[in-house]
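For reference, the structure is listed below as structure tokens.
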Protein chains: 2
Amino acid sequence: VPSRRPPSSRSTREAISRREGKALTRQALVRAALKLLSRNSFDSISLREVTREAGISPTAFYRHFDDMEELGLVLVEESFGSLREMLRVARSDPTMFGDAINRSVETVVIHVRDHEDLFRFIARERYGGVRRLRRAINRELQAIADELSVDLTAFPVIGGWPLEDRRMFAGMLVETMVTTAAALLDAPRDQTDEIATRAKRQLRLMTLGVPHWKPQHTDRAR
Amino acid sequence: VPSRRPPSSRSTREAISRREGKALTRQALVRAALKLLSRNSFDSISLREVTREAGISPTAFYRHFDDMEELGLVLVEESFGSLREMLRVARSDPTMFGDAINRSVETVVIHVRDHEDLFRFIARERYGGVRRLRRAINRELQAIADELSVDLTAFPVIGGWPLEDRRMFAGMLVETMVTTAAALLDAPRDQTDEIATRAKRQLRLMTLGVPHWKPQHTDRAR
């Protein structure tokens, strides 16, 4: 049996605590930014305000992020990180449109309510003053729509649609989710059910048109 | 014939030029704010930056607006002022859904392209950091949706729907317009037709579900 360096050796412990310390500082910066962003838009807060809120020196900021925009991109990743996977699971049993709709809306409601500060930031910066953030957010939404447009082929009535039509329809569904998420953030908590019900009904009305859509009769073909 | 004071008298001319001067200064402040807002969100620009851009002293600002928020509310009014009326005209001939859809989308496209700075401000501040602006913008959008939900009664298939269902459907149509407007602002000009066509097709797919919607079977009634 080869001898192994015990994990409790001094240098290992120091390395671990350095790593943990770095992760904690980074987390403190993210939390401080989110706190400021709950009331302000991204282009109105400064690096100095974030470090002051986090209790860290401005120079220490650069050990974690190249600049404020990189911190913003991390917030975009955090917002969408688990949501995409959760939405795939929500619609993974395509026996009925209605079930997939209800589960998807409930997934969005729970996720947004659990991460209100993150999604307020997303709603705000989707059309905000920082181009890199706008693009990152729209890329994430496009990825959700693209995954959905693939999964939609599992529904017999949509299976034969050309990709462009599936993308258009997926885009409608995703935009309804985005509007619902934004409405949740601007409304008191006791309106959550009302907003969720409205979203489910809107999505159901959209799907009612699906069997009557004639994919070949596009405007482009005219 | 009673004698009238000639319009070219000195005091009248002075009063007119004072009024014109005031209107011009106000207009200069609005233009300066819009220019700054084309790249920044409302809560990141200051009164001082606006007056500097307009070439006016900060104290002169207060002869025109109580504060920056009041200037923001004027921008909201300017954005929606003619749009509501234009949209009513666009759907005033309810012979066909399709026509009303095409005319409404074209109205939005032209209006947004004519006032890009105003609508970039609207897209940004709808979920922005200033509560009074958020509320003013959502009031305007709600007014458009309310007017639409009344006009929808002219379509026989919707005429019998309860108000809540018409409101839900009108909300879907208005949100599609909002998303379209925001997409136009973020895309190069040569994608205008593509974005407009997509909006028309999405709206048409939504209306295909209408004859199959059963208004009495709401979630609430269950």
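In chain B, what percent of the accessible surface is made up of carbon and sulfur (1.4 Å probe, ligands and nucleic acids excluded)?
52
Starting from the 7 Å offset along Cα-to-Cβ, what nm value, one decimal, do you get for the label separation of residue A:189 and residue A:131?
Distance between label points: 4.2 nm.
Work out the length of the dipole vector of the protein assembly as shown about its Cα centre, built from +1 on the beta-carbon of each Lys and Arg and -1 on the beta-carbon of each Asp and Glu, and round it to the nearest 20 debye. Don't skip to the end; give the middle numbers.
Values: 74 positive and 62 negative charges, 175 e Å.
Using Cβ point charges on Lys, Arg, Asp and Glu, the protein assembly as shown gives about 840 debye.
Determine the residues within the range A:125-141 where the difference in accessible area between the chain on its own and the full set of protein chains amounts to at least 50 Å²; count protein heavy atoms only and use a 1.4 Å probe.
With the partner chains in place, the range A:125-141 has these residues losing at least 50 Å²: A:127.
Taking chain B as a Gaussian network, Cα atoms linked when under 10 Å apart, which of B:154, B:199, B:170 shows the biggest mean-square fluctuation?
Of B:154, B:199, B:170, the most mobile in the Gaussian network model is B:154.
Would you work out which of A:81, A:203, A:29 lies farthest towards the positive end of the dipole of chain A, given +1 charges on the beta-carbon of Lys and Arg and -1 on that of Asp and Glu, about the Cα centre?
Sorting the options by dipole projection puts first A:29.
How far, in nm to one decimal, is residue A:21 from itself in the other copies if the label point is set 7 angstrom along Cα toward Cβ? Shortest first, please.
6.6
Shortest first and in nm with one decimal, please list how far the residue A:49 label point sits from its counterparts in the other copies (point 7 Å along Cα→Cβ).
1.1
Ratio of Rg to Rh for chain A, alpha carbon only, Kirkwood?
On the way: Rg = 22.1 Å, Rh = 20.1 Å.
Radius of gyration relative to Kirkwood radius: 1.10.
Could you tell me whether the protein assembly as shown comes out rounded, prolate or oblate from its Cα gyration tensor? Rule is a ≥ b ≥ c as square roots of the eigenvalues, rounded for a/c under 1.5, then prolate if a/b exceeds b/c, otherwise oblate.
Oblate, because a/c is 1.5 or more while a/b does not exceed b/c.
Measuring from centroid to centroid over Cα atoms, what is the spacing of the range B:124-186 and the range B:34-67 in Å?
Between the Cα centre of the range B:124-186 and that of the range B:34-67, the gap is 30 Å.
For chain A, report the accessible area per residue in Å² (1.4 Å probe, heavy atoms, rounded to an integer).
Ligands and nucleic acids excluded, the result is 52 Å² per residue.
Give me a single rounded figure for A:44-51: the average over its residues of other chain Cβ atoms within 10 Å of their Cβ.
Numbers: counts 8, 3, 0, 0, 0, 0, 0, 0.
Mean shielding by partner chains, rounded to a whole number: 1.
Roughly how many debye, to the nearest 20, is the charge dipole of the range A:19-162 about its Cα centre, given +1 on each Lys and Arg Cβ, -1 on each Asp and Glu Cβ, and no other charges?
Magnitude of the dipole: close to 480 debye.
Quick one: label points 7 angstrom along Cα→Cβ at residue B:154, distances to the other copies in nm, smallest first?
4.3
In Å², nearest 100, what accessible area do chains A and B bury in total when the solvent probe is 1.4 Å?
3700
Work through the residues other than residue B:53 whose Cβ is under 10 Å from its Cβ and net out their charges, Lys, Arg +1 and Asp, Glu -1.
Spelling it out: positives minus negatives among the neighbours equals +3.
The values are calculated or read from the model by the stated rules, or taken from the named source; none is laboratory data. What you see is a predicted model, and the numbers here were worked out from it, not measured in a lab. Every residue, glycine among them, receives a Cβ derived from its backbone with ideal geometry; neighbour counts consider all protein chains shown. Note: accessible area is taken over every heavy atom of the protein model, side chains too, but ligands, DNA and RNA are not part of it. Shrake-Rupley method; radii C 1.70, N 1.55, O 1.52, S 1.80 Å.
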